[in-house]
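Notes to accompany the following structure.
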Amino acid sequence: MQTSYQRFITPRFRDGVQYARHGEEHYIDYRQQGMVLSLDKKDNSLGNFLSDLKAGGKTQAELKAAHPVLSDEIEDIIEQLDSHYLLTESHYPNISGTLSGKQFANQLKRYSRVWHAQLGNSALYTAMSEGRATRSQLIGYTIEYYHIVKAAPSIIAPAMSHKCPDPVFQGIKQLFLEEHDHETMMLKTLSAVGLPEEQVKKATPLSSTFAIFCTLSTFARQHLLSFISALFLFEEPYPEFNDVFVTTCQSLDLPEKFWKPIIDHSAINEEGGHHLITDELLEHISAISAEEARVTLVHIMTLLETMKIWDAQICSSYESALNLRIFV
C-alpha cells in the first residue's frame, strides 16, 4: 500500500538496469523484465530525463525543473518505472538516534523506575504496610491475578506469529510453554481459603484486569517490541511486596497453603531468570529507531498507569466483601 504521496526522494535506476534508444522508443531492461517508453514529443526531453535517472542524485523537484517539457508527466513516468521495480533511491539519509536492543533495555528500565516512583506505591502494598489490608482484599488480589495467569497462553501465542530473530522466537515459545496451565496452581491456592475451583472459573475479572490482559494481547499481536518490553513488569520479583504480603496473610490467619504457592511462584521466576526475559530478548534486536523507542516507552508507561489503577480497583472492590462477579 502506498503510504506517501512521493515514491522517491532522489530516484535513480537500479544497478544493472540497461537503457537504450531506438528512434522515438526508449528501451529499459532489467534482468528478465523491462518496458518501452515513448512520447509524442519529437525532442530529446525523455532521453535526457532518463539519462538523469541513470545518473541519479536529483530530487523530483530538481528533475521537474531540469525538464520543464516533461514536468506534468514525470510523476507518472516514475510510477510506471517503479511498478516494474526499475528504480531505487540514489542515497539514503543517515539514521540518527538508533539504539541497540541492549541500550533500549537500559533506557526502558530507567524510565520505568522514574515513572513508577512518580505513580507511588500501590494501594494494596500501602494498605498492607499500614496494617489496613483486609482478608478479602488479599484473596481478591489472588483472584484477579488468577485471571491474568489463565489468559497468559492466549496472550503470548500471537507473539509467535511475528517474523523476528530466532532467539527471540525461541524465548517467547519457551515462555508460552512455561506459563501453560499455571492457573491450576492458582485455583488450588484459592481452594485453600474455601473457594471452589468451578466457582472461580466462572468469575468475571475486574474491568482493569481485563484491560491489562487485553493490552498485553494487543501488543503481542500488533507490536512485538512493546510486548517484549512489558514482560519484565510481570516476571520481576518484588521482595518488599512479598515480605509484607506473607506477614499480612499470617496476621489475618490465612493458611500457608494460600500464600506459600504465590511466594514460591515468585521465587521460581527469580531463580529461573524469568525476570530477565525482557533484557534477554531485547539483546537479540540489533537496532531500534528513535520513533519505535518512543512508541514503546509510551505503551509501557501507559501500562504501568493501568496496573496502578488495577491495584486500586482491587482494594476498593474487595475491601469489605468477596465478590466473585458470577453472571449467569
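Numerical summary
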quantity: Filter result for His274 (within 21 Å of Ile148 (Cβ to Cβ), in the same structural domain as Ile172 (by the TED database), open to solvent by 20 Å² or more (accessible area, probe 1.4 Å) and modelled with pLDDT of 95 or more); calculated: no
quantity: Scan of the stretch 25-65 for residues that are surrounded by 17 or more Cβ atoms within 10 Å (Cβ to Cβ) and β-branched (Val, Ile, Thr), ordered by number; calculated: Ile28
quantity: Residue in the stretch 83-100 that is closer than 19 Å to Phe232 by Cβ and of a type outside the set (A, V, I, L, M) present; calculated: yes
quantity: Positions within the stretch 91-140 being part of a loop (DSSP other than H, G, I, E, B), small (Gly, Ala, Ser) and open to solvent by less than 80 Å² (accessible area, probe 1.4 Å), in sequence order; calculated: Gly97, Ser100, Gly120, Ser122, Gly131, Ala133
quantity: Residue that is nearest to Lys58 (Cα to Cα), among those in the stretch 73-90 that are loosely packed, with under 15 Cβ neighbours inside 10 Å and in contact (Cβ under 8 Å) with a residue 60 or more places away in the chain; calculated: Glu89
quantity: Members of the stretch 183-198 found to be of a type outside the set (A, V, I, L, M, F, W, C) and under 25 Å from Ala312 (Cβ atoms), listed by number; calculated: Glu183, Thr189
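Residue by residue, here is whether (1) assigned to a loop (DSSP other than H, G, I, E, B); (2) in contact with a Lys or Arg (Cβ under 8 Å, 6 or more places away or on another chain); (3) closer than 27 Å to Glu178 by Cα holds:
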{"position": "Thr278", "(1), (2), (3)": "no, no, yes"}
{"position": "Thr296", "(1), (2), (3)": "no, no, yes"}
{"position": "Thr302", "(1), (2), (3)": "no, no, yes"}
{"position": "Ser316", "(1), (2), (3)": "no, no, no"}
{"position": "Arg325", "(1), (2), (3)": "yes, no, no"}
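The values are calculated or read from the model by the stated rules, or taken from the named source; none is laboratory data. Please read all numbers here as calculations on a predicted model, not as lab measurements. Note that we place each Cβ from the backbone using ideal geometry, even for glycine, and neighbour counts take in every protein chain shown. Accessible surface areas use protein heavy atoms only, side chains included; no ligands, DNA or RNA. Shrake-Rupley method; radii C 1.70, N 1.55, O 1.52, S 1.80 Å.
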